[in-house]
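Since the structure comes first, as structure tokens, the remarks are kept for the end.
Read-outs throughout are calculated quantities, based only on the coordinates presented, and are distinct from any laboratory measurement. Keep in mind that this is a model prediction, so the values were computed, not measured. When we count neighbours, we look across all protein chains shown, and the Cβ atoms used for this are built from the backbone with ideal geometry, even at glycine.
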Amino acid sequence: MRTRFAPSPTGPLHLGHAYSALLAYDMARKAGGDFLLRIEDIDRSRARPAWEAQIFDDLHWLGLDWPEPVLRQSDRLPAYRAALETLWDRGLLYPCSCHRRDIVEAASAPQEGGTPPVGPDGIVYPGTCRDKPLPPKMPEEALRLNMRKALQGIGPVSFMEEGTGPDGETGRQEIPQDQLVDGIGDIVLARRDMGTSYHLAVVLDDAAQEITHVIRGQDLFEATAIHALLQMLLGLPTPRYHHHRLIRDEAGKRLAKRDDARAISKYRADGESPADIRDRVGLR
Ligand code: GLU
């Protein structure tokens, strides 16, 4: 078993992160496997070395260890590029020059004032740029996956859920094709400012690190349909998934990155121990 914790260094780790990291660590330990750390720093406008240093410090304090050096997504841009090239060569990508506002407007138009469908990657793209003529070479622009085309000739998209989704989903999850087309749509695989996207990077990195079990919060359950599809398209193995409950505040709201009140560093400063943190997240 190989598990991982994959934080983005864009803020302090809070109790929700502690739960996720401890769970992944404990599961690997129990099975005699490995626990890896990966730094998801593709969003250069938000990632900060100081947050990364704080992540290492908090996780070590919690009692976790992992093989060094850790994988950093910012070092993996050539691998992301190569995967994009293969999809481009198969005619599955197209450049998109839409801004968010164009997408909201175009997606809302047919709904007659209603709200456009929203999937795990945001508003389902209305297809504005889909049928424009393609440049001969893959451009350095935002690139979208042509979902309908991507699904042609591939078998059922599925993954194994060993934890639970937000609605109690568990076991083999088969994602119907019309859910992928109408509920998710033409997702962005390369953002103009990043040269990749979260979905593409996470799938390539889990494969490169030979992760067998992805342990993460239920907020990413819906996105797993995208990950399973990308794994099929890129010929990568699909790990098993274990989505876990989210740690919430007293009002029942899930913790956000800026929720400094529940930052691990805050509890440390208040004199709590790693065992206290385990108690707080119910992992004793
Ligand atoms: N980097 C993501 C986050 O901090 C986690 C991605 C994942 O576990 O797949 O929310």
- [ ] Express the relative contact order of the stretch 28-127 as a whole percentage, based on alpha carbon pairs under 8 Å and six or more residues apart in sequence.
- [x] 22 percent
- [ ] Return the Cα extents of the stretch 145-204 along principal axes one, two and three, sorted largest first, each rounded to a whole Å.
- [x] 36, 25, 19
- [ ] Would you kindly calculate the translational diffusion coefficient of the stretch 25-126, applying Stokes-Einstein with the Kirkwood radius from alpha carbon pairs, for 25 °C and a viscosity of 0.890 mPa s, and quote it in µm² s⁻¹ without decimals?
- [x] 137 µm²/s
Open item on the list: Could you give me D for the stretch 137-236, from Stokes-Einstein at 10 °C and 1.306 mPa s, where the hydrodynamic radius is the Kirkwood radius over C-alpha pairs? Units µm² s⁻¹, please.
Closed with: 110 µm²/s
Open item on the list: Place a point 7 Å from the Cα of T170 along the Cα-to-Cβ direction; which residues of the stretch 242-284 have their backbone N under 14 Å from it?
Closed with: 242-245
TODO: Lys and Arg at +1, Asp and Glu at -1: add these up for the other residues within a Cβ distance under 14 Å of G282 and post the number.
DONE: +2
TODO: Any chance you could give the angle, 0 to 90 degrees and rounded to 10, that helix 198-208 forms with the longest Cα principal axis of the chain?
DONE: 70 degrees
Task: 0 to 90° range, to nearest 10: angle between helix 224-233 axis and the chain longest Cα axis - done: 60 degrees
Task: the chain, relative contact order [Cα under 8 Å, separation at least 6], % - done: 25 percent
- [ ] Give the percent of DSSP beta bridges with both residues in the chain that are antiparallel, rounded to the nearest 5.
- [x] 55 percent
Task: Formal net charge of residues neighbouring M147 (Cβ-Cβ distance under 11 Å; K, R +1; D, E -1) - done: 0
Open item on the list: Viscosity 1.002 mPa s, temperature 20 °C: what is the translational diffusion coefficient of the stretch 170-284 from Stokes-Einstein with a Kirkwood Rh over Cα pairs, rounded to a whole number of µm²/s?
Closed with: 127 µm²/s
Task: Relative intensity, log₁₀ I(q)/I(0), of the chain from a Debye sum that treats every alpha carbon as a point, q = 0.09 Å⁻¹ - done: -0.46
- [ ] Between A251 and M1, with labels modelled 7 Å along Cα→Cβ, what's the label distance in nm to one decimal, could you check?
- [x] 3.7 nm
TODO: List, largest first, the extents of the alpha carbons of the stretch 82-152 along their principal axes, each in whole Å.
DONE: 40, 23, 18
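For the peptides 129-142, 95-108, 227-240, what is the packing order when you average, over each peptide's residues, the other Cβ atoms within 10 Å and list the highest mean first?
Peptide ranking by packing, descending: 227-240, 95-108, 129-142.
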Open item on the list: Name the residue from P139, M27, P166 whose Cα lies farthest towards the positive end of the charge dipole of the chain, charges +1 on Cβ of Lys and Arg and -1 on Cβ of Asp and Glu.
Closed with: P139
Task: Cysteines (scope the chain) whose Cβ has no counterpart Cys Cβ under 4.7 Å - done: C98
Task: Proxy reagent accessibility, fewest Cβ within 10 Å first, across T115, T86, T164 - done: T115, T86, T164
Open item on the list: For the chain, take the longest principal axis of its alpha carbons; what is the angle in degrees between that and the long axis of helix 77-89, to the nearest 10 within 0 to 90?
Closed with: 30 degrees
- [ ] Calculate the dipole size of the stretch 1-86 relative to its Cα centre from +1 charges on Lys and Arg beta carbons and -1 charges on Asp and Glu beta carbons; express the result in debye to the nearest 20.
- [x] 200 debye
TODO: Just rank V118, V202, V281, V181, fewest to most, by other beta-carbon atoms within 10 angstrom.
DONE: V118, V181, V281, V202
Open item on the list: Sequence gap of 8 or more, or different chains, plus Cα separation below 20 Å: how many lysine pairs satisfy both in the chain?
Closed with: 4
